[in-house]
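First the structure, in the form of structure tokens, and then the observations on it.
The values are calculated or read from the model by the stated rules, or taken from the named source; none is laboratory data. Since we're looking at a predicted model, the values are computed, not measured. Cβ coordinates were reconstructed from backbone atoms using ideal geometry, including for glycine residues, and neighbour counts include every protein chain displayed.
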Amino acid sequence: MNLNKKNIGILRGGQGDNYENSIKQGGDLILHLFENFSEKIQVHDILVDQSPSLTPPYTYIWHINGLPIIPADLFKKVDLIWNLAHPSLSQILKDFSVPSISGGIFSGNSNESRENLKYHMKNIGVNMPRHVLLPAYCFQGQTLKKSQRSDLGNSLTPQEYAFEKARQIFEKFGAPWIIHLSPALNPTPTLPEGEGVNLISRDAGIYVAKTFVELVNGIKDGISHKQSILIEELISGKNISTHAVSNFRNQGTYIFPFHTSLALHKEAPEDLEKFNATDFFKGQTLRTQKGLTLEKIDCENLAKNIHQHLDMPPYLKLDFILNPTRGIFLNNINFTPDLKKDSHFHQSCESVGAKVDHVLEAMLKVRTSGIKN
């Protein structure tokens, strides 16, 4: 056994809607580390059950490499844990003095995590698209008369609920709208072809609705999946993305060059009847934003400020929208790098003469630098 190896645990699973996504992301990271860092890192799979035990004290069971373990004993097994599970587990690791990598309360792919992020960014003056989060629908009004149900949110019938919520959203901000079904559940939209919405991603359950009827139909489809629904305004403009990494190339916050897909480098047409969301959002190749333009400088400074305000997590992917009249909007943040060879992160690394593994190694090295072998 190589005693110089660092023991890195990948924490996945746990409670919440992000369970399935956490399992997949964690599995991909475990495989990548095993295939590319086996001489330097001993990888440990740490899995937390999705549901609590059926017997007292009804706690969530933790496992390391398939064997049960209590969180207090993890520090004996690993030097560092990369938390891809529920953000609340990071506090447990902190309580037991286990070093960890985590995105905090904003990590995870659930609509609730996105809601938390939007609220926090608003408080520090960062613009994000306006939105409405609809909790999972639960009909409880079967025994009530319609007149009694009119003022009860989830006591409306599905049709009444969808229409009422669509009306409220329409009054708050106009079309077009992006409809997010809960991505953690990977729902498949059930609307028949030609009825209601343009699909951006069928697997992720993301629509664009450009009329009130399409908005109602999209909400009804979310109701059928029994999950939360996030509706955002679609802001036209140039879509650019970058990656922020801590302590890379002797910089506290290293910002990769901004890239955009050619297909995204345009504005939504004024004639919404001809608007095709699939073509609009489908990226083909990446293009580096060259030159010190004012918008590039603004976005770079904004990316650094967001990274530092979030306590400098090891990694961030930041997606921005540049609207010619409304300014810069933060559209999304991701705390876990996509390690696939055709990913945006992979291409960004190559654009600065780095490899994904160099960046990943730097991230892990910083977090384990104070740990003795």
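Of note:
- Every residue from region 65-98 that is surrounded by fewer than 18 Cβ atoms within 10 Å (Cβ to Cβ) and either among the β-branched types (Val, Ile, Thr) or not assigned by TED's automatic domain parsing to the domain that holds ILE30 (or both): ILE69, ILE70
- Under the condition of being modelled with pLDDT under 90, surrounded by 13 or more Cβ atoms within 10 Å (Cβ to Cβ) and either outside any loop (DSSP other than H, G, I, E, B) or more than 23 Å from the chain's Cα centre (by Cα) (or both), the residues counted in region 247-265 number 7.
- Within region 294-344, the set of residues being out of contact with any strand residue (DSSP E or B) (no Cβ under 8 Å at 6 or more places or on another chain) and in a strand (DSSP E or B) comprises just one member, GLY327.
- Counting only strands (runs of 3 or more DSSP E) that sit completely within region 1-91, those holding 1 or more residues that are under 21 Å from LEU364 (Cα atoms) correspond to 6-13, 41-48, 62-64, 80-83.
- A single member of LYS341, LYS317 is of a type in the set (Lys, Arg) and surrounded by fewer than 20 Cβ atoms within 10 Å (Cβ to Cβ), and it is LYS341.
- Residue within region 134-142 that is modelled with pLDDT under 90 and either of a type in the set (Asp, Glu) or in a helix (DSSP H, G or I) (or both) present: no
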